[in-house]
Amino acid sequence: MFKCPNCKNKSISKWSKFFLGPIRSIKCSQCGCRISIPYKSLYWMILYIIFAFVMLKSIIINQYKILVFILLTTIVIYLFYRFIPLVVKLERKDTEYKVQKRNNLLIGISCFLFTFLSIFIITKNNL
Ligand SMILES: [Zn+2]
């Protein structure tokens, strides 16, 4: 079980964290607070997507490559699961709500641009 970032009770089950994304949120069974993971975690997802894109785009896919790919995917999922913190998802009535929403939007846009540019550069230079 994971600690709720609001009431500090161990109320978040392992599986619910596993299926959490920055957009998805769950309710703490103790305090009813909405819990999510930070938008910053998108940066890690993107690095992984770019890596996967580079790995899978080449025509030569051999057993060695597939093995490396599976191994790294497992490591990435584990690290993500282990180290991404849980955060309180603010509601409209909270004072910091607008700031959180704006920051999330900026992160979202920068992630999108970064992914798009990286894939464009990779494709263009045939890396
Ligand atoms: Zn709680």
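Structure notes:
- From the list Tyr64, Tyr97, Tyr78, the one residue that fits, being out of contact with any His (no Cβ under 7 Å at 6 or more places or on another chain) and surrounded by 12 or more Cβ atoms within 10 Å (Cβ to Cβ), is Tyr97.
- Unique match (being of a type in the set (Val, Ile, Thr) and within 26 Å of Phe2 (Cα to Cα)) among Ile50, Ile23, Ile60: Ile23
- Residue match in region 42-58 (condition: exposed (fewer than 12 other Cβ atoms within 10 Å of the Cβ), closer than 30 Å to Asn125 by Cα and more than 19 Å from the chain's Cα centre (by Cα)): yes
- Candidates are the residues of region 26-38 that are among the aliphatic types (A, V, I, L, M) and in contact with a Pro (Cβ under 7 Å, 6 or more places away or on another chain); the one that is nearest to the ligand (Cβ to nearest atom) is Ile35.
- Per-region count, region 21-43, residues hydrophobic (A, V, I, L, M, F, W, C) and without any contact (Cβ under 8 Å) to a residue 40 or more places away in the chain: 4
- Single residue of Ile46, Ile35, Ile60, Ile121 found to be at pLDDT 85 or above, over 27 Å from Ser16 (Cβ atoms) and either outside any helix (DSSP H, G or I) or among the hydrophobic types (A, V, I, L, M, F, W, C) (or both): Ile121
- Any hit, region 2-25, residues being within 16 Å of the ligand (Cβ to nearest atom), under 26 Å from Phe116 (Cα atoms) and among the polar types (S, T, N, Q): no
- On inspection, Val54 qualifies as of a type in the set (Val, Ile, Thr), under 22 Å from Ser118 (Cβ atoms) and touching a residue at least 60 places away in the same chain (Cβ under 8 Å).
The values are calculated or read from the model by the stated rules, or taken from the named source; none is laboratory data. Nothing here was measured: the structure is a model prediction, and the numbers come from that model. Cβ coordinates were reconstructed from backbone atoms using ideal geometry, including for glycine residues, and neighbour counts include every protein chain displayed.
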